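This report concerns only the one structure given below.
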Amino acid sequence: MGLEEEIEDLREEIANTPYNKATEAHIGRLKAKLAEKKEKLENQSSAGGGQGYAVEKTGDATVALVGFPSVGKSTLLNALTNAESEVGEYEFTTLDVNPGMLQYNGANIQMLDVPGLIEGAADGRGGGKEVLSVVRTADLVVFLLSVFEIQQYERLSEELYYNKVRLDTSPPNLSISKKGRGGIRVTKSDDVELDEDTITGVLREHGYVNADVTVRGDLSIDELVDGIMDNRVYLPSVVAVNKADLIDHDYLPTVEENLREVGVDPDDAIFISAEDEKGLEALKDRIWDALGLIRIYMDKPGRGVDYDEPLVLREGENTVDDALHKLGGMLDERFRFARVTGPSAKHDEQQVGRDHELQDEDVLRVVARK
Ligand SMILES: Nc1nc2c(ncn2[C@@H]2O[C@H](COP(=O)(O)OP(=O)(O)OP(=O)(O)O)[C@@H](O)[C@H]2O)c(=O)[nH]1
Ligand SMILES: [Mg+2]
């Protein structure tokens, strides 16, 4: 039996097994097996194959713009950035990835307009695989939908899921350390619903014989498998609904209903018209928030505070130490302390060390040895 058939059989068995406490461990093993076999198949088929697009990441963050053909990706990219992406009235105008740079709040945000994702892209049809490899390296996914084709969201997010992109969720809280002996020992917090047998079974299928595993939080089997496979990418996403200029006010509730049907809260979606350049400020603002970018205004000796070109950091990489690294040069070595004024400071000119966490719109002065 070939790998493809084995995968099909496993899928069928999973689909035909009702999920309950008695079958949980069994389903866990099946899902773990399935994940391993899919990985194997992929490695076989990609051997010697194309490596996908090589788009160099530049700027403070990278955004992948995904959407079906003709939804207006190129039009949006041209409206937001300095790029000149080809805009056409026929499908598949964009054959390659077009990068553009969006300048916002003093940050350089790289935006990648990727060719239309079509059905079956995850299986390598229609050049979708290359597109997806680009998406995996981004910091944020922006879905672009047309007001009349909201249901495309389902297809797009499915493609991303198959390609191991997990949207708007954090990695499962799981730690595994291999041991020389003792079998698999599970420690779980009170909120873990999965049985110990299920967790042990899933780990065995992934080749673990002796290991200590700690699980926290209410995980599903799929999330557990994700946690063990180390090639899942976790990204935030934003939904933009384009061509809003084409609908009447009366039609808006229909669009909102369609959004709810695909699991998107209409209040979270940004309505825009790329062509008329409407709603773009709201979209930029959302992109900024979703990326977790923060501005640090540097107070330079003798030159005052630079409000025009802030140092841009990201949440999670926002300590004084991170700022020193990004500033580069000799400051890092000669650092004595810093003074911070603004949202993160207890008072103006607070003296802080490397560990201090900065916040958006802080003013930072680095005091260095001569
Ligand atoms: N009415 C209206 N038309 C738009 C809007 N945005 C884009 N269009 C039109 O939609 C068509 C397709 O736009 P593109 O920007 O080429 O679409 P795309 O998503 O880049 O398409 P591919 O490159 O083929 O994947 C063009 O005729 C645009 O002028 C909009 O906000 N409103
Ligand atoms: Mg295009």
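The values are calculated or read from the model by the stated rules, or taken from the named source; none is laboratory data. Computed from a predicted model, the values in this text were never measured in an experiment. With ideal geometry, Cβ positions are generated from the backbone for all residues, glycine too; neighbour counts draw on all protein chains shown. For accessibility, only protein heavy atoms count, side chains too; no ligands or nucleic acids. Shrake-Rupley method; radii C 1.70, N 1.55, O 1.52, S 1.80 Å.
Just a few scattered comments:
- Three-way shape call for the range 293-368 based on the alpha-carbon gyration tensor, with the a/c threshold at 1.5: rounded
- Filter on Lys57/Lys326; Lys33/Lys57; Lys21/Lys188; Lys31/Lys178; Lys300/Lys346 - keep pairs with C-alpha separation over 27 Å: Lys33/Lys57
- Straight-distance candidates among the aspartates and glutamates for linking to Lys278, with alpha-carbon spacing under 12 Å and chain neighbours fewer than 8 residues away dropped: Asp245.
- Looking at the chain, the DSSP beta bridges with both ends there are about 55 percent antiparallel.
- Solvent-free Debye scattering, log10 I(q)/I(0), computed from the Cα coordinates of the range 236-370 at q = 0.09, 0.11, 0.12 Å⁻¹: -0.43, -0.56, -0.62
- Heavy-atom accessible area for Val305, with the other protein chains in place and a 1.4 Å probe, reaches approximately 50 Å².
- Residue order for Phe143, Phe68 - accessible surface, 1.4 angstrom probe, largest first: Phe68, Phe143
- Placing +1 on the Cβ of every Lys and Arg and -1 on the Cβ of every Asp and Glu, with nothing else charged, gives the chain a dipole about its Cα centre of roughly 2080 debye.
- Added length on full extension, which subtracts the Cα-Cα distance from 0.36 nm per residue, Val367 to Val209: 51.6 nm
- Whichever aspartates and glutamates have a C-alpha closer than 16 Å to that of Lys370, once near sequence neighbours (fewer than 8 apart) are set aside: Asp332, Glu333
- Build a GNM of the chain with springs between Cα atoms under 10 Å apart, and of Val66, Val165, Val262 the one that fluctuates most is Val262.
- Sequentially through the range 218-225, phi angles give Karplus couplings (6.51, -1.76, 1.60; θ = phi - 60°) of 7, 9, 8, 4, 4, 5, 5, 4 Hz, Gly and Pro residues having no value and appearing as x.
- One decimal place: the segment Ala282-Tyr251 gains 9.0 nm when fully extended, by the rule 0.36 nm per residue minus the C-alpha distance.
- Normalised contact order of the chain, rounded percent, pairs of Cα under 8 Å and 6 or more residues apart: 14
- Residue ranking by accessible heavy-atom surface, 1.4 Å probe, largest first, among Asp268, Asp322 comes out as Asp268, Asp322.
- Euclidean distance between Cα centres, the range 306-368 to the range 1-21, Å: 53
- Semi-axes of the equivalent ellipsoid of the chain are 39, 32, 20 Å, computed as sqrt(5λ) over the eigenvalues of the C-alpha gyration tensor in descending order.
- Point-charge dipole on Cβ atoms (K/R +1, D/E -1) for the range 241-355, about Cα centre, debye to 20: 980
- Computed from backbone phi with θ = phi - 60° and the Karplus coefficients 6.51, -1.76 and 1.60, the 3J(HN,Hα) list for the range 293-310 is 7, 9, 9, 10, 8, 7, 9, 9, x, x, 10, x, 7, 8, 8, 7, 10, x Hz; x is used for glycine and proline.
- Accessible area (Å², 1.4 Å probe, nearest 10) - Leu112: 0
- Relative contact order computed over the range 293-368 (Cα-Cα under 8 Å; 6+ residues apart), in percent: 38
- Summarising the label geometry, the points placed 7 Å from Cα in the beta-carbon direction at Asp306 and Asp168 lie 3.7 nm from one another.
- In this structure Glu4 has an accessible area near 130 Å², from a 1.4 Å probe over the protein heavy atoms.
- Computed from label points 7 Å out along Cα-Cβ, the spacing between Asp265 and Ser220 is 1.9 nm.
- Residues in the range 176-183 carry Karplus couplings, in order, of 10, 10, 5, 10, x, 7, x, x Hz; the curve used is 6.51 cos²θ - 1.76 cosθ + 1.60 with θ = phi - 60°, and Gly or Pro positions show x.
- Label-to-label distance, Asn43 versus Glu5, with points set 7 angstrom from Cα along the beta-carbon direction: 2.3 nm.
- Beta bridges per DSSP, both residues in the range 218-370: antiparallel share near 80 percent.
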